[in-house]
Amino acid sequence: MTDQPDAIIHQPIRLKIMAALKALPDGEQLEFVKLKDIAGATEGNLGAHITTLESAGYASVAKDFVGKRPRTRVGLTRQGRRAFEDYVTYLKDILNTGASS
Amino acid sequence: MSLTPNEAAAALRDIETVGRRSGQAFGYRYSGPYFVTWGLVWVAGYTGTDLLPHYAGTIWIASLIGGLIATTLLGARQPKGSRKNGIQAFGVVAIAFLFIMATYAVMWPVSPAQQAAFVPLLAAAAYSGVGLWAGARWIVAGVGIAVLTLAGFFLLQQHFSLYMAVVGGGGLILAGLWMRSA
């Protein structure tokens, strides 16, 4: 068990973003607008957190157009998926340790 | 920076809540096109039955084959699409078709209105059941279809097929668009 949580994921909005993306099947992406709704973040705030996750290699961002409307989709990278699983394990270990002590 | 058990538990609860919401939304969007497809099948089948009752069997077989092909193609075209998804979608529809035919055979004779009401009621039960896991929109669609089917069956038997084309088929299409928008 690591002593410290992953600082990239350990932030309330980024945790929600990662949880929302992890719930998708491998390789799927979520539209920015939907992610904003699920994470309960403002547009600017969400954009900044996604940039942080993308810089860490945890999230991938794809931009395209649907007709004339721009569309941004966000997905988890393999590295992000692994990091999130480690983070969840870290949380569960804290609970297990707390329960057994 | 280390967490207390309470903070860890709260974070896990957040993860579960957000994950469930995200998974449900994905499921809705994934399922929407199938609702629309089968809504169109119902519109074609029931309208044809009302307009050309003597050819109802042929019209339904053609409509169902169209729906089966569209379902298979949709399964293969989904984002995680693969040949396997298409085959599974084909399998689900084929199993349902065989089950319905077997039920008619066992229950025969059944009136045209009973035949027409059975499939929507079966679909409504399936949607409602799936909804217990997949989310409330499935239950709303299932209960809505069941109520409208029963209302038409008991109150509008004379034009039941046309009623089912508009209300049943149209309802499925609207439900599909509603799910797609999730």
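The values are calculated or read from the model by the stated rules, or taken from the named source; none is laboratory data. Quick caveat: nothing in here was measured; it's all calculated off a predicted structure. Here the Cβ positions follow ideal geometry from the backbone for every residue, glycine too, while neighbour counts run over all protein chains shown. Side chains are part of the model used for accessible areas, which takes the heavy atoms of the whole protein and leaves out ligands, DNA and RNA. Shrake-Rupley method; radii C 1.70, N 1.55, O 1.52, S 1.80 Å.
Interface residues of segment A:81-97, defined as those losing at least 10 Å² of solvent-accessible heavy-atom surface relative to the isolated chain (probe radius 1.4 Å), are listed as A:F84, A:V88, A:Y90, A:L91, A:K92, A:I94, A:L95. Taken as entire DSSP H runs, the helices of chain B that both span 27 Å or more between Cα atoms along their own long axis and average -0.5 or more on the Kyte-Doolittle scale are B:5-51, B:56-77, B:83-107, B:112-134, B:136-155. Considering all C-alpha pairs of segment B:75-175, those separated by over 22 Å amount to 41%. Size estimate for the protein assembly as shown follows the Kirkwood approach: the inverse of mean 1/r over distinct Cα pairs works out to 21.5 Å. Accessible surface ranking for B:S31, B:S2, 1.4 angstrom probe, highest first: B:S2, B:S31. When the charge dipole of chain B is built from unit charges on Cβ atoms (+1 for Lys and Arg, -1 for Asp and Glu) and taken about the Cα centre, the candidate among B:A175, B:W60, B:T71 whose Cα reaches farthest toward its positive end is B:T71. Ligands, DNA and RNA are left out, and with a 1.4 angstrom probe the accessible area of the protein assembly as shown is 55 Å² per residue. Shape annotation for chain B: C-alpha extents along the principal axes are 76, 38, 31 Å, from largest to smallest. Calculate what fraction, in whole %, of the accessible area of the protein assembly as shown sits on carbon and sulfur atoms when a 1.4 Å probe is rolled over the protein chains. Carbon-and-sulfur percentage of accessible area, whole number: 64.
How high is the relative contact order of chain A? Use alpha-carbon pairs under 8 Å, at least six apart in sequence, and give a whole percent.
Relative contact order comes out at 32 percent.
Think of the protein assembly as shown as a dipole: +1 on every Lys or Arg Cβ, -1 on every Asp or Glu Cβ, centred on the Cα centre; then among B:M107, B:T37, A:L76, B:T37 lies furthest on the positive end. Between B:V147 and A:T72, the distance separating the two model label sites (each 7 Å from Cα on the Cα→Cβ line) works out to 4.0 nm. Given +1 at the Cβ of Lys and Arg, -1 at the Cβ of Asp and Glu and no other charges, the dipole of chain B around its Cα centre is 460 debye to the nearest 20. Give the A-B buried accessible area in Å², both sides summed, 1.4 Å probe, nearest 100. Interface area, both chains combined: 2100 Å², rounded to the nearest 100.
Give me the base-10 log of I(q)/I(0) for chain A at each q in 0.12, 0.17, 0.21 Å⁻¹, Debye formula, one uniform scatterer per Cα, rounded to two decimals. Evaluating at q = 0.12, 0.17, 0.21 Å⁻¹ gives log10 I(q)/I(0) of -0.41, -0.75, -1.04. Cross-link reach is defined here as a Cα-Cα straight distance under 19 Å, omitting same-chain residues fewer than 8 places apart; for A:K16 the aspartates and glutamates meeting it are A:D6, A:D26, A:E28, A:E31, A:D37, A:E43, A:E54, A:E85, A:D86, B:E7, B:D14, B:E16.
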